[in-house]
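The values are calculated or read from the model by the stated rules, or taken from the named source; none is laboratory data. All values reported here derive from a predicted model rather than from experimental measurement. Backbone-built Cβ (ideal geometry, glycine too); neighbour counts: all protein chains shown. These area figures cover heavy atoms from the full protein model, side chains too; ligands, DNA and RNA do not enter into them. Shrake-Rupley method; radii C 1.70, N 1.55, O 1.52, S 1.80 Å.
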Amino acid sequence: MGETRAYPVYRSEGGDVAAVIAVAVSLVGCGELREKTSVNLNAELLRVEDVVRAREVFPQGWFWGGGEHFRGVDLPDDPGVLVRLLPMMLSVVEPVEGDLLDRAPEVLRRAGWGQIAWMALSWPAVPELGLGPEHARTGVQACFGTDANHEPAPGHTVYVHVRPGEDERAQHLAQQIGHDVMGPGEHGW
């Protein structure tokens, strides 16, 4: 994909995961989905009960902790074994058309931190800003309890990813959904 700059366009200090996802989905709608566009969920699970619930929600997701990897359906049932694997990471990649976004809040509300990322979008041309279409350095990222680089951060933030130096494109995309860029760009993907 290449390097991007991640610009914050929405922040929620509260715990409304669904509202953050809705803003991110609106931002995704400003671009065009491509054949290889996917939605990715990553979450850090700190308690056995959170791992068990995440397995119920995403049985085909990948879980890893304690140096071991498991598909959700293959996770041990024994809480004593699971506690030794904590913290566990969950990773799920699905087509955009799937129902990941309907299931994600259940896991993200319990996670130490998490993110949902849409990669491989196409941003349209913005002739009035002298910007052509962009196909390589694009994306939307909704971060929960973390910033775009997985550093702890309060609240939840939606980021738009654009080519470095195209802060005008980031502002234009944010305005398309009734928001503004809220701060400087961070290192992206």
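Compared with the alpha-carbon gap, the fully stretched path from Arg47 to His135 is longer by 27.8 nm at 0.36 nm per residue.
At 37 °C and a viscosity of 0.692 mPa s, what translational diffusion coefficient does Stokes-Einstein give for the range 62-136, taking Rh as the Kirkwood radius over Cα pairs? Give it in µm²/s as a whole number. Value of D from the Cα-based Kirkwood radius: 212 µm²/s. Largest accessible area first, the residues Tyr10, Tyr159 order themselves as Tyr10, Tyr159 under a 1.4 Å probe with ligands, DNA and RNA left out. Computed from Cα atoms, the angle from the helix 48-57 axis to the main principal axis of the chain rounds to 60 degrees. Over every Cα atom in the range 42-85, the radius of gyration and the widest Cα-Cα span, Dmax, amount to 9.1, 24 Å. Exposed loop sites are taken as GluC sites (Glu not before Pro) in a DSSP loop (any state but H, G, I, E or B) with at most 15 other beta carbon atoms within 10 Å; the longest stretch of the chain without one runs 98-189. Computed per residue of the chain from DSSP H runs no shorter than four, each worth -39500 (n - 2.57), the mean residue ellipticity at 222 nm is -7500 deg cm²/dmol.
Relative contact order of the chain, taken over Cα pairs closer than 8 Å and 6 or more residues apart, is 37 percent. So what is the relative contact order of the range 99-189, in percent, for Cα pairs below 8 Å that sit 6 or more residues apart? Relative contact order for the range 99-189 comes out at 21 percent.
Among Ile116, Ile177, the order of accessible area from largest down is Ile177, Ile116, computed with a 1.4 Å probe on protein heavy atoms. Give the calculated FRET efficiency between Asn149 and Glu35 to the nearest 0.05, with a Förster radius of 25 Å applied to their Cβ-Cβ distance. After rounding, the FRET efficiency stands at 0.35.
Over all other residues within a Cβ to Cβ distance under 15 Å of Glu97, the charged ones net out to -2, with Lys and Arg as +1 and Asp and Glu as -1. Remark: spin-label model distance His69-Ser122 equals 3.2 nm, labels positioned 7 Å along the Cα→Cβ axis. Over all other residues within a Cβ to Cβ distance under 12 Å of Gly155, the charged ones net out to -2, with Lys and Arg as +1 and Asp and Glu as -1. For the chain, the longest principal axis of the Cα atoms and the long axis of helix 17-28 meet at an angle of about 40 degrees.
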